[in-house]
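Note sheet for the following structure.
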Amino acid sequence: MSEVTTPSPSPAAPKKMDDIVALCRRRGFIFQSSEIYGGINGFWDYGPLGASLKRNLKNAWWNDVVERELIGPDGNPVDIVGVDCTIIMNPKTWVASGHVGGFNDPMVDCKESKSRYRADHVVVLGSTAPGARLYAFIENDEEQRAAAVKGLTRYEKRDALDPAVHVVRPFMSISAEERARTMGPHAKEAGTLTEPRQFNLMFETHCGAIRDENSLAYLRPETAQGIFANFWNVCDSTRVRVPFGIAQIGKAFRNEVTPRNFTFRSREFEQMEIEFFIRPETANEWYRWWRDWRFSWWQQIGLAGENLILREHDRDELAHYAKEGAGTSDIEYRFPFTAPGFGELEGIAHRADFDLKAHATHCGKGDKMRYFDQEKNERYFPHVIEPSAGADRGTLALLCEAYTPDPSRASGVYMNFAPRMAPVKAGVFPLVNKDGLPEIAERLYRDLRRKHNVEFDEKQSIGKRYARMDEAGTPFCITIDHDGASSGTATIRHRNTQAQDRVALDQIPAWIDERVG
Ligand code: ATP
């Protein structure tokens, strides 16, 4: 193997969300659902490249969580089994879990623009002086903030922009009188925002022919409850013993009040959840282990830089059942639309025995449902550590992280996916469409395809073919040229550095295996 050329990579340029969304649409990563009919708010489809990327993410999760050996904090292999539960469950499930009673987001409507917002995401800007005009906008939305500032008088502006005067306040905290002089984010008049109201986020449907309250059912708002409801089945049908985990990947549905930020807040999305059952006194140890392992997992699959953080919740943020427990933390990513802030990718929570106890109570069997520890001859409800991640937010983070503007390239950009995540692992090109080169390239392509997703491309100039692969994030491009055909070799171009290696044809499959693993 010999090095052919090594151009240096160009300096990083800032990333814009609009450019990322445009590339996703243009190259078939993500489309609006039912786009030909004008789309539907909060629903997204994955095109060929996006479907492969998301599948690679989910496969990596399943493989690393369920199939590969993991060593836990006690030095023993971590025991995790998988399940695949239905989206529609007996509606009593959602009464037990608290979703029917409490799965609410506060929302606010604008009577003028007919827009609906999550009230806890709306903030108001303006002077605190009596009678001053207030301007509402969505937190972290810089465009709306700028529009709100523009609406202020010169006098108000001086106050509003003076950090000494605290004038950005949560909408939920202002009085009815202040609401009456608040301009909505998309309104031309003040006082059009309603009082915040609770809104149940579960989608409802009916099972069977008669649509009445007896046939009412819900689309699951999280995959976790399918796991909890099957805890006893799994214990009875497998040889698991506490500590052990149950994992599931699947769709979840939430009728989000304000779906926004591309796929970040969707109404239909996929979760990757683990419920890890433990003895209560080991909660701290397992919580810390899961938190740290999950953080390093996201780093390993390509979110290695400073855009990824681990944030431990303050005590007043914790769910009621977690207050006395080991803790809750979020793994957060700095998306272009949250920058300089961060958005949640995964939450790791100590849920204590809340869910198992709630299901035991609601199904009427109560304490009889306690887990029996044979070794200790003891019955108890195990505690739970729950690492709950979003596959769509994960995919979006991979897309945002990979997007690398590079004006020196024909494509102007390349997608810097880790080889394990890249939708296409290699492109195989004959330099020209004659002299036996296409036949050699096709043989190699067939050989590689037995294991990997590779593409064969013989159209257009080699530069254009590289550009297409750069946008798809393909880490390696293999070109059969005349020198190679006579010496039984090909050049392999590295996506990021554009450096080229010359490798013997018969060694290329092993070369690719080693790098995309
Ligand atoms: P948020 O506060 O952003 O609404 P959450 O804390 O309600 O999120 P969880 O209920 O903990 O989220 O769900 C676990 C994971 O599911 C989240 O970390 C996220 O990755 C994903 N998720 C939740 N809601 C959505 C959504 N509307 N669209 C896409 N992914 C979501």
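The values are calculated or read from the model by the stated rules, or taken from the named source; none is laboratory data. Keep in mind that what you see is a predicted model, and the values were worked out from it rather than measured. Neighbour counts are summed over all protein chains in view; Cβ atoms, including those assigned to glycine, are modelled from backbone coordinates with ideal geometry. These area figures cover heavy atoms from the full protein model, side chains too; ligands, DNA and RNA do not enter into them. Shrake-Rupley method; radii C 1.70, N 1.55, O 1.52, S 1.80 Å.
Partners of Lys188 within straight-line reach, counting lysines whose Cα lies under 17 Å from its Cα and excluding those fewer than 8 residues away in the same chain: Lys111, Lys114, Lys150.
When nucleic acids and ligands are ignored and a 1.4 Å probe is applied, Arg420 ends up with an accessible area of around 80 Å².
Length gained on full extension, Asn233 to Ala147: 25.4 nm, using 0.36 nm per residue less the C-alpha separation.
Shown is the FRET efficiency for Met172 and Lys368, computed with R0 = 25 Å from the Cβ-Cβ distance and rounded to the nearest 0.05: 0.05. Counting only residues at least eight positions apart within a chain, or on another chain, the lysines with an alpha carbon under 23 Å from that of Lys434 are Lys459, Lys464. Shown in residue order for the range 331-344 are the 3J(HN,Hα) couplings computed by the Karplus curve 6.51 cos²θ - 1.76 cosθ + 1.60 at θ = phi - 60°: 9, 10, 10, 7, 6, x, 8, 9, 4, x, x, 10, x, 6 Hz (x for Gly and Pro). The label point for Asn59 and the one for Arg443, both projected 7 Å from the Cα toward the Cβ, are 2.7 nm apart. Calculated FRET efficiency, Arg379 to Thr86, Cβ-Cβ distance, R0 = 30 Å: about 0.55 to the nearest 0.05. In the chain, helical runs assigned H by DSSP with n ≥ 4 each contribute -39500 (n - 2.57); averaged across all residues and rounded to the nearest 500, the mean residue ellipticity at 222 nm is -8000 deg cm²/dmol. With a Förster radius of 60 Å applied to the beta-carbon distance between Asp506 and Arg25, the computed FRET efficiency rounds to 0.90.
When Trp511, Trp293 are compared by accessible surface with a 1.4 Å probe, the order from highest to lowest is Trp293, Trp511. Put a dot 7 Å past the Cα of Ala180, heading toward its Cβ, do the same for Ser408, and the two dots end up 6.4 nm apart. Which residues among the range 125-149 fall inside the zone where the amide N is under 20 Å from a point 7 Å beyond the Cα of Lys188, along Cα→Cβ? Those under the cut-off are 133-137, 144, 147-149.
When only the Cβ of Lys, Arg, Asp and Glu is charged (+1, +1, -1, -1), the dipole of the range 424-516 relative to its Cα centre reaches about 260 debye. Stretched out straight at 0.36 nm per residue, the stretch from Glu35 to Asp212 would grow longer than its current Cα-Cα span by 60.4 nm. Relative to one another, the C-alpha centroids of the range 64-138 and the range 460-517 are positioned 44 Å apart. Considering only alpha-carbon pairs that sit under 8 angstrom and 6 or more positions apart, the relative contact order computed for the range 362-517 is 20 percent. In terms of the mean number of neighbouring beta-carbon atoms within 10 Å, the peptides 222-232, 466-476, 443-453 order highest first as 466-476, 222-232, 443-453. Each residue, Asp120 and Ala499, gets one label point 7 Å from its Cα in the Cβ direction; the gap between the two is 4.9 nm. Within straight cross-link reach of Lys58, meaning Cα distance under 27 Å, which lysines are found once same-chain residues fewer than 8 apart are removed? Partners within reach: Lys15, Lys16, Lys251, Lys425, Lys451. The residues Met183, Met415, Met172, sorted by heavy-atom accessible surface at 1.4 Å with ligands and nucleic acids left out, run Met172, Met183, Met415 from largest to smallest.
Comparing Cα centroids, the range 245-304 and the range 180-237 end up 20 angstrom apart. Of interest is the spacing of the C-alpha centroids, which for the range 18-63 and the range 430-454 amounts to 29 Å. Rounded to the nearest 20, the size of the Cβ-charge dipole of the chain about its Cα centre is 1000 debye, with Lys and Arg at +1 and Asp and Glu at -1.
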